[in-house]
Amino acid sequence: MIQANTERVLRDLYMLREIGRYKTGVHRPTLSDDDMKTRYWLRDELAGMGYETLIDGVANVIGYSPAPGKKLLCGSHLETQNRAGWLDGALGVIYALEAARALQEAGRTDIGVDVMAFADEEGHFGNLLGSNSMVGNISEADMDALHDLTTGEPLRDALARVGLAGVPRASLDPSRYVGMFEAHIEQGDSLEADGLKIGVVTSIVGNWLFHIHAKGVQNHAGTTRMAIRKDAGAALMRVYQRLDERFRTEAAERTVWTVGNITLDPGAPSIVPGGAEMYFQFRDADLAVLKRLHGVLEEVEAAENAGGPCEVWITPGARSLPALMDSGLQAAIEASAEKFAPGLHVRMPSGAGHDARTISLKMPASMLFIPSIGGISHHWTEDTSDEDIALGAQVYVDAAARMLEG
Ligand SMILES: [Zn+2]
């Protein structure tokens, strides 16, 4: 049996929490000084274990195991959202490091894990930049165009500022691996609500975005009779109301849908708005459900246009497909969970995107969740109990060994 040193796991997580600390959380945006501090720390830890290490041209930290044979790719991300939580990302990196350490300490030099901290999973510059770069989804022209969404700093300038200008970008070699394994806090409250300790992730949801527009006629809010006004804002609200009603019957159990950025043109209370728009996003792990809900959008669009008096049209934005996690790797996690947390584990989809989604395009991938207190994440109050972190570490290390032993 491979024993995790859970005190060491907690010590390193608490240490990382101090780098960019914000209240009880962390502010460590990608390529900030604090972010780079954590990347160099991880690189040095791995180098000290005899790993071949590098920080590539988008700041991915990579440690290649010296063990023979196929490896398991273990990791997550080190940067955080602005003024956010201490475990989102860091947990998966420290579990990966612990798997590497525990295997070595158990004398298992015959099997090994590569450890990676993918750059900018949190999307300060782009969407899952580090893992997308590794699988070849980011061109040099993309690199030229990306900039920090908070500060506006171009990615090229930021890389130059931290000494990574001109450094080659690493690419993923799937033939090196049996698969990828990422641990993460759940970021929702399902595990906690059911009194469970480990989530075995079955899939990562697809996320479909739409832009909804309404066009009416701008006019005086006091003199334009209700019978003849064409209020684009009211039309947009009506569309949302219809969508929400239809989704409540047509969606699957875990489907979620969200409105973003409603704008009225103009937005003054004394003017009937002539234009209105909003974003509408929905997520589900089943492609058939996503397609069905897209159909609902089209029906609602048609119904609103038939009823008038405004014109409504819906344009598709970014959409990602659901990513299935590997069934063999899921079975390994489940077996380890049953060993250390009998009866306290469940198979579940991930409602959030992760680097494992990107990597799953190229090779088998898997994820393990531990509970988030109150389901809170992307906020500085994000937390998980020490006991749950420790239990998760032991399950992770055991499952990693299981995956490597096939
Ligand atoms: Zn994360």
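Would you kindly state how much longer the chain becomes between D142 and D110 on full extension, computed as 0.36 nm times their sequence separation minus their alpha carbon distance, in nm to one decimal?
Gain in length upon complete extension: 7.5 nm.
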Quiz prompt | Net charge, V256 excluded, C-beta distance under 9 Å - Lys, Arg +1, Asp, Glu -1 | solution = +1
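With a 10 Å radius around each residue's Cβ, average the other Cβ atoms per peptide and rank 363-374, 141-152, highest first.
With the highest mean Cβ count within 10 Å placed first, the list reads 363-374, 141-152.
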Self-check item: Residue among A145, A356, G317 farthest towards the positive dipole end of the chain, charges placed on Cβ
Solution: G317
Quiz item: Which value, in Å² rounded to 10, gives the accessible area of I271 with a 1.4 Å probe and all protein chains present?
Solution: 60
Quiz item: Counting other Cβ atoms within 10 Å, which trypsin sites (Lys or Arg not before Pro) in the range 81-126 have at most 16 and lie in a DSSP loop?
Solution: R83, R108
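Rounded, prolate or oblate: which fits the range 309-406, taking a ≥ b ≥ c as square roots of the Cα gyration tensor eigenvalues, rounded meaning a/c under 1.5, else prolate when a/b beats b/c? Numbers along the way, then the final one.
Working: a/c = 2.88, a/b = 1.58, b/c = 1.82.
In terms of gyration-tensor shape, oblate.
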Self-check item: Three-way shape call for the range 100-201 based on the alpha-carbon gyration tensor, with the a/c threshold at 1.5
Solution: oblate
Quiz item: For D386 and S327 in the same chain, what is the full-extension length gain: residue separation times 0.36 nm, less their Cα-Cα distance, in nm?
Solution: 18.3 nm
Quiz item: Hey, what do the phi angles of the range 104-115 turn into as Karplus ³J(HN,Hα) couplings, whole Hz, using 6.51/-1.76/1.60 and θ = phi - 60°, x for Gly and Pro?
Solution: 4, 5, 7, x, 8, 7, 7, 10, x, 10, 7, 10
Quiz item: In the full protein assembly as shown, how much of S327 is accessible to a 1.4 Å probe, in Å² to the nearest 10?
Solution: 90
Quiz prompt | Virtual spin-label span in nm between Q281 and R248, 7 Å along Cα→Cβ | solution = 2.4
Quiz prompt | Percent carbon-and-sulfur accessible area, the range 216-256, ignoring ligands, DNA and RNA, probe 1.4 Å | solution = 49
Practice problem: With a/c under 1.5 counting as rounded, go ahead and sort the chain into rounded, prolate or oblate using the C-alpha gyration tensor (a ≥ b ≥ c being the square roots of the eigenvalues; past the cut-off, prolate if a/b is larger than b/c, else oblate). | Solution: prolate
Quiz prompt | Under the Karplus curve 6.51 cos²θ - 1.76 cosθ + 1.60, θ = phi - 60°, whole-Hz ³J(HN,Hα) for the range 4-21, x wherever Gly or Pro sits | solution = 7, 8, 6, 5, 5, 4, 5, 4, 5, 5, 5, 5, 4, 4, 7, 8, x, 4
Quiz prompt | Phi to ³J(HN,Hα) by Karplus 6.51 cos²θ - 1.76 cosθ + 1.60 over the range 54-63, Hz, x for Gly, Pro | solution = 7, 10, 8, x, 10, 6, 5, 9, 10, x
Quiz item: Which of the peptides 235-242, 87-94, 308-315 is most tightly packed, and how do the rest follow, going by the mean number of other Cβ atoms within 10 Å of each residue?
Solution: 87-94, 235-242, 308-315
Practice problem: Quick one: which residues, 5+ away or cross-chain, put their amide H under 5 Å from the amide H of A285? H built at 1.01 Å from N. | Solution: G206
Quiz item: Largest first, what is the accessible-area ranking of E18, E334, E7, E304 with a 1.4 Å probe?
Solution: E7, E18, E334, E304
Quiz item: So for R254, R248, what's the accessible-area order with a 1.4 Å probe, most first?
Solution: R248, R254
Exercise. Using a 1.4 Å probe and ignoring any ligands, DNA or RNA, find the accessible area of K339 and quote it in Å² to the nearest 10.
Key: 100
Quiz item: What net charge do the residues around L10 carry, taking every other residue with its C-beta under 15 Å from that of L10, with Lys and Arg at +1 and Asp and Glu at -1?
Solution: -4
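The values are calculated or read from the model by the stated rules, or taken from the named source; none is laboratory data. Here the structure is a predicted model, which is why all the values come from computation and not from measurement. All Cβ positions, glycine included, derive from the backbone under ideal geometry; neighbour counts span all protein chains shown. What goes into the accessible areas is simple: the full protein's heavy atoms, side chains included, and nothing from ligands, DNA or RNA. Shrake-Rupley method; radii C 1.70, N 1.55, O 1.52, S 1.80 Å.
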